[in-house]
Amino acid sequence: MENQASSPDHASRPAPPLRPARWGRRGVVAALAATAVVAGAAGAAGARFGFEVRGSGGGGAGASLRCDGGMTRLSHVLFEGASVFDGDPIPTVEVVADIEPDGFRVELVSTGTHTGTHIDAPGHFRAGGRTVDELEAEELVWPAYVIDVRNRMAGPGPDDFQLTVDDIRQVERRQGRIPTGALVIIQTGFDARFGTPAYDEPVPGFAGDTVQWLFDERHIGGIGSDTYGPDATSDELFSATDTALANDGIAMPGINNLDSLNRTGDIVIAGVVPLKDGSGYQIDPLACHGRKR
């Protein structure tokens, strides 16, 4: 059974300079507002009301969050048998105090910052890149755009293919244009294999040139996958992740429960512990569904 390639020699990777996102944070907010309107309309037409919370008090206008299709969690459970990228630390969990006899329970957790469902900040690959404690709140909310490649993987040919710009255009003809600020996610079905040896088998991903096109032409916020990362096993330089981080975007590996997401129209929210100078950290992304699947 083939393993994903081990971490590359960073000196051998091309090193384009960090590029600030061209659309800016206001663009993210505008894109999310537009996505929320579309999602709400779709939900009202096709599904019963799912979830809403409103802030109130103080006499002013309160904030609100409405998810007509409900909400789901998109993180894997973190446990000692979790799948770990080749060379990363093995997670351990030790109970250091328990209700009997201590009256409370506390665990000591040891894990690498890139195990399970997590976020890669630009500083994961890029010298001088921003770290997780430097990400703004608005950068942790995205319109979701899911590209399901499971049928292609079930067909002839190797599974470690790399998605091209033409592949993305074909998906857009079916699903609509990728929105500004989107988290573009490749779905392979490997989330069901997490914690088993089958999670280490070859997988597809985005080509590096495709990711650059997504930032240049669609002004996305980041890329994600339900595997160890959005890079194909055939991409030994991890160019998809590297390109996303070079553009000051993020990568979100190890997403779970992708079948709960609509291909378009949902919003993903993922707070991250602001580890000082951290290259990444575990997250539990929350999906706000515009409509039920």
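The values are calculated or read from the model by the stated rules, or taken from the named source; none is laboratory data. Source: prediction; values computed, not measured. When we count neighbours, we look across all protein chains shown, and the Cβ atoms used for this are built from the backbone with ideal geometry, even at glycine.
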**OP:** For ALA192, state whether it is in contact with a Pro (Cβ under 6 Å, 6 or more places away or on another chain) and either among the aliphatic types (A, V, I, L, M) or surrounded by fewer than 21 Cβ atoms within 10 Å (Cβ to Cβ) (or both).
**Re:** no
Original post:
Condition test on ILE186, is it assigned to a strand (DSSP E or B) and within 16 Å of the chain's Cα centre (by Cα)?
Top reply: yes
Original post:
Before we move on, is GLY128 touching a Pro at 6+ places or on another chain (Cβ under 7 Å), at positive phi and touching a residue at least 60 places away in the same chain (Cβ under 8 Å)?
Top reply: no
**OP:** Check segment 113-130 and report whether any residue there is touching a Ser or Thr at 6+ places or on another chain (Cβ under 6 Å), at pLDDT below 95 and part of a loop (DSSP other than H, G, I, E, B).
**Re:** no
Original post:
Does segment 138-164 hold any residues that are in contact (Cβ under 8 Å) with a residue 60 or more places away in the chain, hydrophobic (A, V, I, L, M, F, W, C) and not in a strand (DSSP E or B), and which are they?
Top reply: LEU140, PHE161
Original post:
Mind checking which pairs have a first residue in segment 277-288 that is among the hydroxyl-bearing types (Ser, Thr, Tyr) and a second that is modelled with pLDDT of 95 or more and assigned to a loop (DSSP other than H, G, I, E, B), Cβ under 8 Å, 6 or more apart or different chains?
Top reply: SER279/THR113; SER279/HIS114; SER279/ALA121; SER279/THR131; TYR281/THR113; TYR281/VAL273; TYR281/LEU275
**OP:** Could you check ASP231 against (1) surrounded by fewer than 24 Cβ atoms within 10 Å (Cβ to Cβ); (2) acidic (Asp, Glu); (3) under 17 Å from ILE147 (Cα atoms) and say which number it fails?
**Re:** (1)
**OP:** Give the residues of segment 88-103 that are over 12 Å from THR115 (Cα atoms) and assigned to a strand (DSSP E or B), sorted by residue number.
**Re:** VAL93, GLU94, VAL95, VAL96, ALA97
Original post:
Any idea how many residues of segment 72-114 are farther than 26 Å from TYR199 by Cα and either among the acidic types (Asp, Glu) or in contact with a His (Cβ under 7 Å, 6 or more places away or on another chain) (or both)?
Top reply: 4
Original post:
So is ASP159 over 19 Å from the mean Cα position of the chain (by Cα) and surrounded by 16 or more Cβ atoms within 10 Å (Cβ to Cβ) or not?
Top reply: yes
**OP:** Consider only pairs whose beta carbons are under 7 Å apart and that are at least six residues apart or on different chains; among these, list those whose first residue lies in segment 180-192 and is under 17 Å from HIS76 (Cβ atoms) and touching a residue at least 24 places away in the same chain (Cβ under 8 Å) and whose second residue is among the polar types (S, T, N, Q) and part of a loop (DSSP other than H, G, I, E, B).
**Re:** THR188/THR227; PHE190/THR227; ASP191/ASN256; ASP191/ASN257
Original post:
Restricting attention to segment 96-114, and to residues there that are out of contact with any strand residue (DSSP E or B) (no Cβ under 7 Å at 6 or more places or on another chain) and surrounded by 16 or more Cβ atoms within 10 Å (Cβ to Cβ), which single residue is farthest from ASP86 (Cα to Cα)?
Top reply: THR111
Subject >> Among the candidates ASP191, ASP209, residue that is in a helix (DSSP H, G or I), within 13 Å of the chain's Cα centre (by Cα) and at pLDDT 95 or above >> reply: ASP191
**OP:** State yes or no: is ILE186 closer than 18 Å to ALA232 by Cα and in contact with a Phe, Trp or Tyr (Cβ under 7 Å, 6 or more places away or on another chain)?
**Re:** yes
**OP:** Give me a count of the residues in segment 232-256 that are in contact with a Lys or Arg (Cβ under 7 Å, 6 or more places away or on another chain) and assigned to a loop (DSSP other than H, G, I, E, B).
**Re:** 3
Original post:
For GLY224, are the conditions met, namely being of a type outside the set (Asp, Glu), surrounded by 24 or more Cβ atoms within 10 Å (Cβ to Cβ), on the phi < 0 side of the Ramachandran plot and free of Cβ contacts under 8 Å to residues at least 60 places away in the same chain?
Top reply: yes
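To keep it simple, each residue is scored yes or no on (1) touching a residue at least 60 places away in the same chain (Cβ under 8 Å); (2) not acidic (Asp, Glu).
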{"site": "HIS76", "(1), (2)": "yes, yes"}
{"site": "GLU80", "(1), (2)": "no, no"}
{"site": "SER83", "(1), (2)": "yes, yes"}
{"site": "ASP102", "(1), (2)": "no, no"}
{"site": "ARG105", "(1), (2)": "no, yes"}
{"site": "LEU108", "(1), (2)": "no, yes"}
{"site": "THR111", "(1), (2)": "yes, yes"}
{"site": "HIS114", "(1), (2)": "yes, yes"}
